[in-house]
Amino acid sequence: MNILVLGRGKTGSLVAEVARERSHRVTVMGGTDNPGASALTPAKLAAIEVVIDFTTPASVLKNVEACIQAGKNVVVGTTGWYGELARIQRMVEQSGSGLLHAANFSIGVNLFFDIAHSAAAALQHQYFGQVFERHHAHKKDAPSGTAVALQRIIRDASGTDLEITSFREGDVVGMHELVLDSPADTIYVCHDAKSRRGFAEGAVRAAEWLADKKGFFDFKDVWRKL
Ligand SMILES: NC(=O)c1ccc[n+]([C@@H]2O[C@H](COP(=O)([O-])OP(=O)(O)OC[C@H]3O[C@@H](n4cnc5c(N)ncnc54)[C@H](OP(=O)(O)O)[C@@H]3O)[C@@H](O)[C@H]2O)c1
């Protein structure tokens, strides 16, 4: 496929590397190539089959809107824009394009979400729950999109909104922990990413899956089919 990767940062550059390893033709744009989504016109996107966005919370919405208007399918890895999810879903459905998003494209984290969903039953049995997340000092949004997704999963499973505590330090790739504490015992459910490679591979495989689809998709509903 012809893939356009938006973002030359820590994750975008690895996504481009993985996509090339999987024999795709890859173009990459950073912030200076695409200010205010100005490079994402229908003419400039004509040869592109899927766009993958790993940019910033400040740029992602304009990028996504431009891709949808150009009728291009887009995989969104950037976090920090979920207040606009319903509006973007309507836009995608009206335009007939395809969008797949995830706060976390690693298969391990999506399994961790399933385990957390089961563990949420503890909240009906006098357990007190908390979410902790730890990331590198340069991360722009807090709490992390993954922690917000975990909070939503627990809320849907149990009706309880857990507090999220964020730590920003060093070069931590991404650690998420659900702690369920009772007078009798404590349950720890933890995912600790060792590198960004899991995110990059998940995002490229998501782009391959999305290529011939239309509609609005969440990776947590799709990863088992990849
Ligand atoms: N879903 C997942 O699995 C997952 C995994 C890891 C990270 N993330 C998320 O992905 C995003 C990026 O993370 P990161 O660690 O890679 O950040 P990063 O290293 O800071 O990289 C962000 C990149 O976005 C570029 N950019 C900004 N505006 C742009 C635009 N309009 N067009 C094209 N590129 C633009 C920046 O370029 P300039 O420096 O030139 O402005 C920079 O290269 C964050 O929201 C993060 O939370 C998600």
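The values are calculated or read from the model by the stated rules, or taken from the named source; none is laboratory data. What you see is a predicted model, and the numbers here were worked out from it, not measured in a lab. Neighbour counts run over all protein chains shown; Cβ positions are idealised from the backbone, glycine included. SASA here: full protein model, heavy atoms, side chains in, ligands and nucleic acids out. Shrake-Rupley method; radii C 1.70, N 1.55, O 1.52, S 1.80 Å.
Conditions tested, residue by residue: (1) under 17 Å from Q124 (Cα atoms); (2) over 14 Å from the mean Cα position of the chain (by Cα).
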{"site": "E163", "(1), (2)": "yes, yes"}
{"site": "V172", "(1), (2)": "no, yes"}
{"site": "L178", "(1), (2)": "yes, yes"}
{"site": "S182", "(1), (2)": "yes, yes"}
{"site": "D192", "(1), (2)": "no, yes"}
{"site": "R197", "(1), (2)": "no, no"}
{"site": "G202", "(1), (2)": "no, no"}
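The residues of the range 179-197 that are open to solvent by 30 Å² or more (accessible area, probe 1.4 Å) and more than 24 Å from V18 (Cα to Cα), listed by number, are D181, P183, A184, D185, T186, I187, Y188, C190. Could you tell me whether the range 37-46 includes any residue that is under 20 Å from the mean Cα position of the chain (by Cα) and of a type outside the set (F, W, Y)? Yes: one or more hits. Selection of the range 188-226 for residues being among the charged types (D, E, K, R), assigned to a loop (DSSP other than H, G, I, E, B) and touching a Lys or Arg at 6+ places or on another chain (Cβ under 8 Å) yields only R196.
Return the residues of the range 1-11 that are within 13 Å of the ligand (Cβ to nearest atom) and surrounded by 18 or more Cβ atoms within 10 Å (Cβ to Cβ); say none if nothing qualifies. Once the filter is applied, which keeps residues that are within 13 Å of the ligand (Cβ to nearest atom) and surrounded by 18 or more Cβ atoms within 10 Å (Cβ to Cβ), the range 1-11 yields L4, V5, L6, G7, T11. On inspection, A142 qualifies as assigned to a loop (DSSP other than H, G, I, E, B), closer than 16 Å to Y82 by Cβ, within 15 Å of the chain's Cα centre (by Cα) and not polar (S, T, N, Q).
Among the residues of the range 59-82, write down those that are surrounded by 24 or more Cβ atoms within 10 Å (Cβ to Cβ) and out of contact with any Gly (no Cβ under 6 Å at 6 or more places or on another chain). V60, N63, V64, C67, V74, V75, V76, G77, T78, listed by residue number. Scanning the range 83-93 finds one or more residues that are within 16 Å of the ligand (Cβ to nearest atom), among the charged types (D, E, K, R), farther than 18 Å from V189 by Cβ and open to solvent by 50 Å² or more (accessible area, probe 1.4 Å).
Remark: pairs (first residue in the range 118-144, at positive phi; second residue open to solvent by less than 30 Å² (accessible area, probe 1.4 Å); Cβ separation under 9 Å; 6+ apart in sequence or on different chains) = Q126/S182.
Residues of the range 12-44 that are away from the ligand (no atom under 13 Å from the Cβ) and either free of Cβ contacts under 8 Å to residues at least 40 places away in the same chain or outside any helix (DSSP H, G or I) (or both): R20, E21, R22, S23, H24, R25, V26, T41, P42, A43.
Quick one: which of A116, A157, A200, A207 is closer than 29 Å to A86 by Cα, small (G, A, S) and open to solvent by 20 Å² or more (accessible area, probe 1.4 Å)?
Working: A116 fails: open to solvent by 20 Å² or more (accessible area, probe 1.4 Å); A200 fails: open to solvent by 20 Å² or more (accessible area, probe 1.4 Å); A207 fails: open to solvent by 20 Å² or more (accessible area, probe 1.4 Å).
Every option except A157 fails the conditions.
The set of residues from the range 168-187 being in a loop (DSSP other than H, G, I, E, B), touching a residue at least 24 places away in the same chain (Cβ under 8 Å) and of a type outside the set (V, I, T) comprises E169, G170, D171, G174, S182, P183.
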